[in-house]
Amino acid sequence: MAPCAVNHESPGLSDLPPSHRRSGLTEEVMPALPVDQEFDGERFRADVRATADAIGAPFSPRLTDTVLEAFRDNFAQGATLWKTTSKPGGQLSYRFFSRLKMDTVGRAIDAGLLDAAHPTVPVVNAWSSLYGGAPVQSGDFDAGRGMAKTWLYFGGLRPAEDILTVPALPQPVQDRLKDFLALGLAHIRFAAVDWRHHSANVYFRGQGPLDTGQFARIHALSGGTPPAADVVDEVLAYVPEDYCVAITLDLHSGAIERVCFYALKVPKDALPRIPTHIARFLEVAPSHDPDECNVIGWSFGRSGDYVKAERSYTGNMAEILSGWNCFFHGEEGRDHDLRVLHQDTGSTTGGAR
C-alpha cells in the first residue's frame, strides 16, 4: 500500500484547465487546503525576517520575494516549515512540502534561482521520471541565499536499486548500493538534492527496532567519530521502531558524508536535549498550523556532529507527513508493508523486492 494517494497518471497539458497550464504545474496530488489554512505571503515576509533576526541568520528580502513569486502555488497549497541546524553560522531555511505535482526545478531555473546547466539537474529529472512520473517535488530555501534543495517523495516504499541505479548517477554513487543492502537498508521513500554542495540525501526506512549495534554499523558509513553512549541512547529512545535514516552522498565521488536519524512531531514538552541555538529557534519560529509539528534530527559525519530542527509554519505539515505514512513521536512506528517486503526477500538484511 502506498503511503499517499498519488495520481500516477499525469495528464497532458492540453487536458489541464487554463489555470493549470502555467510553466511546470501538472496536477494536484492531495486535497486543497481550507481557505483559513492557506499561506499568507505578507505575514510570512514579516515572520521570516523576525525569525532570522532572532537567531542571527542572514535574510534577503529580494530573494524571498523571488521565491514566493516563483512558487506561489506551492506555498498557497503546500505545507510550509522552518528549519535550522546547530552548526555555527547556521542558516534559517524554509521549505514547502507540495500538494501539487510540479516541475519545481524548471520553475527555479525560470526564476533565476538555479542554473539550467547545473550538473545535478539530470539526477532530479531521472528520479522524477520514475514510476510513471509519480514522484512529487518540494523545495528548500535559505532565507539569505535562495534555492537550497529539491526534495522528492517517491510515492511510498521504493526499492533502493530503483533509486540508486538511474543512469544519471555516476558509477561511484551507484556502487554504494551494496553497502546499504548489506545493512538491511533496502527501501527509500524520499531523496533531497543539495544544489550548493552537489550532494544528495537518500531517506531509508529501516526495519527496527534500532539498537546500538545497527546504529554503530550505520554510523560507521560516515567515517565520523562514534558519539557518546548517552547520545546514542537518546537517539534510540526517540526514533520510531521502523526508523528513518538519511544518508548524504557526494554526487561526484560517491563518498558518504553524513548519516542522520529523525524523530517527527515531538511535542515541546517532550524534546530531547538540544543545543541552545535549536532551543532558541523552536521558541521564536512561529507556527500557525492547527497541529504543531517539531522535527529533531541527529546528524553525524567526519566534519562533526550537529542537531537539525524543523518546525511547522502553515499548511498542516502533520497532515502531509501522515499522508506520506511518516511515523510520529509516541506512535508504534511499525511499517507493516516494509515487513512484508522483508519477508518476501527472506531476510531483514537483504535486497529490496
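Taking 0.36 nm per intervening residue step and subtracting the Cα-Cα distance, what contour gain separates residue 217 from residue 50 on full extension?
56.0 nm
For the chain, what is the calculated [θ] at 222 nm in deg cm²/dmol (nearest 500), taking -39500 (n - 2.57) for each run of four or more DSSP H residues and dividing by its residue count?
-8000 deg cm²/dmol
Around residue 174, with a cut-off of 14 angstrom between Cβ atoms, what is the net charge of the other residues, counting Lys and Arg +1 and Asp and Glu -1?
So the surrounding residues net to -3.
Convert each backbone phi in segment 189-206 into a coupling constant with the Karplus relation 6.51 cos²θ - 1.76 cosθ + 1.60 (shift: θ = phi - 60°), then list the ³J(HN,Hα) values in order as whole Hz, x for Gly and Pro.
10, 9, 9, 9, 8, 9, 5, 7, 9, 6, 9, 9, 9, 10, 9, 8, 9, x
Give the relative contact order (percent, whole number) for the chain; include only Cα pairs under 8 Å separated by 6+ residues.
Result for the chain is 19 percent.
Just to verify a number: FRET efficiency for residue 166 and residue 38, C-beta to C-beta distance, R0 = 45 Å, to 0.05?
Working from the Cβ atoms, E equals 0.80.
Over 24 Å between C-alpha atoms is what I'm after, so list which of 87/265; 101/268; 149/265; 265/308; 101/178 land there.
101/268; 101/178
What Kirkwood hydrodynamic radius, in Å, does the chain give when the mean of 1/r is taken over all pairs of distinct Cα atoms and then inverted?
Computed over Cα pairs of the chain, the Kirkwood hydrodynamic radius comes out at 20.5 Å.
Determine, for 327, 96, the number of other Cβ atoms within 10 Å of each Cβ, and report the residues in order from fewest to most.
327, 96
Evaluate the charge dipole of segment 122-230 about its Cα centre and quote only its size in Debye, nearest 20, assuming +1 on the Cβ of each Lys and Arg and -1 on the Cβ of each Asp and Glu.
My answer is approximately 120 debye.
Which aspartates and glutamates have a Cα less than 13 Å from the Cα of residue 83, not counting those fewer than 8 places away in the same chain?
140, 142, 283, 310
No lab work stands behind these numbers, since they all come straight from the coordinates. Predicted model, so just to flag it, every value in this text is computed and none were measured. Because the Cβ atoms are built from the backbone with ideal geometry, glycine has one as well, and the counts that use them run over all protein chains shown.
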